[in-house]
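One structure is given below, encoded as C-alpha cells.
Read the figures in this text as sums done on the coordinates, not as results from a lab. Given the structure is predicted, the values throughout are model-derived calculations rather than measurements. Virtual Cβ from ideal backbone geometry, glycine too; neighbours counted across all protein chains shown.
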Amino acid sequence: MSEQIYVGADHAGYALKQKLVEELRRLGYDPVDVGPKTLDPQDDFPDYAKPVAEAVSAGKAPRGVLTCGTGLGMSYTANRFPKVRAAVAWSPEVAELARKHNDANILVLPSRFVSEQEGLEILHKWLDTAFEGGRHSRRVAKIDE
C-alpha cells in the first residue's frame, strides 16, 4: 500500500493544492484531500489545517501538506497538535533543511509567494529528503517535552 499523505488548503491555496494532489498521485502516493473541494473565498484555513494535523498527530498518516496564502495560518494551526512539526517552505533548500534537521512532518507552502512549478519542486525535495537524526534527534525530542 502506498503512503497516505493528507492534503488541505484554504481559498488562497486551492489551485496549488489541486496540483499537489495530482502530483502526489502521479508519484505513487495516496493523497487524502481534506478540502476544499471547490473554491470558496469565504473558507477558513483552520477548517483544513486541523484534519491534516489531527491525522499526522494521531499517526493515521506519517506526513501532510498544507497551503494557504502565506503558509503562516496553516502552520500556526497545525503546530498546536502534539507530534506535529509543520514547516513553511518557500524554496527547495528550506524544505530540505526542514526534513533533514527538524523532521518536518507537514509541509506548508505559501501559495502567494511560490509558483505552481516552485511548489512542485519544493514538494519533491521535501518528499525525497530523509531526517538526518544524530544530534537533531535530541533537539526534535525536546519539542514535545
- Message: Sort 84, 7, 32 by Cβ crowding within 10 Å, fewest neighbours at the top.
- Response: 32, 84, 7
- Query: Around residue 32, which amide H atoms from residues at least 5 apart in sequence, or from another chain, sit under 5 Å from its own amide H, with H modelled in the peptide plane?
  - Reply: 5, 6, 7
- Under a point-charge model restricted to the Cβ atoms of Lys and Arg (+1) and Asp and Glu (-1), what is the dipole moment magnitude of the stretch 104-144 relative to its Cα centre, in debye to the nearest 20? 360 debye
- Query: Roughly what would the spin-label model give for residue 135 and residue 102, points 7 Å off Cα along C-beta, in nm?
  - Reply: 1.8 nm
- Item | GNM flexibility winner over the chain from 91, 115, 57 (Cα, springs under 10 Å) | 115
- Which of the following values of Rg and Dmax of the Cα atoms in Å was calculated from the structure shown: (1) 15.9, 46; (2) 16.6, 53; (3) 13.8, 44? (3)
- In a Gaussian network model over the chain where Cα atoms closer than 10 Å are linked, find which of 119, 71, 59 has the largest mean-square fluctuation. 59
- Message: With θ taken as phi - 60° and the coefficients 6.51, -1.76 and 1.60, list the Karplus ³J(HN,Hα) couplings across the stretch 21-33 in order, rounded to whole Hz; mark glycine and proline as x.
- Response: 4, 4, 5, 4, 4, 4, 7, x, 7, 10, x, 10, 7
- Item | J(HN,Hα) series, the stretch 131-145, from Karplus relation 6.51 cos²θ - 1.76 cosθ + 1.60, nearest Hz, glycine and proline x | 5, 6, x, x, 4, 6, 4, 4, 5, 5, 4, 5, 4, 8, 5
- Item | Acute angle (nearest 10 degrees) that the helix 46-58 long axis makes with the longest principal axis of the chain, alpha-carbon atoms | 30 degrees
- Message: For the chain, take the longest principal axis of its alpha carbons; what is the angle in degrees between that and the long axis of helix 116-128, to the nearest 10 within 0 to 90?
- Response: 30 degrees
- Around residue 67, which amide H atoms from residues at least 5 apart in sequence, or from another chain, sit under 5 Å from its own amide H, with H modelled in the peptide plane? 8, 9, 10, 109
- Note on the structure: Total charge of the residues flanking residue 40 in space, meaning their Cβ is under 14 Å from its Cβ, with Lys and Arg +1 and Asp and Glu -1, is -2
- Query: So how much slack lies between residue 124 and residue 27, counting 0.36 nm per residue of separation and subtracting their Cα-Cα distance, in nm?
  - Reply: 34.0 nm
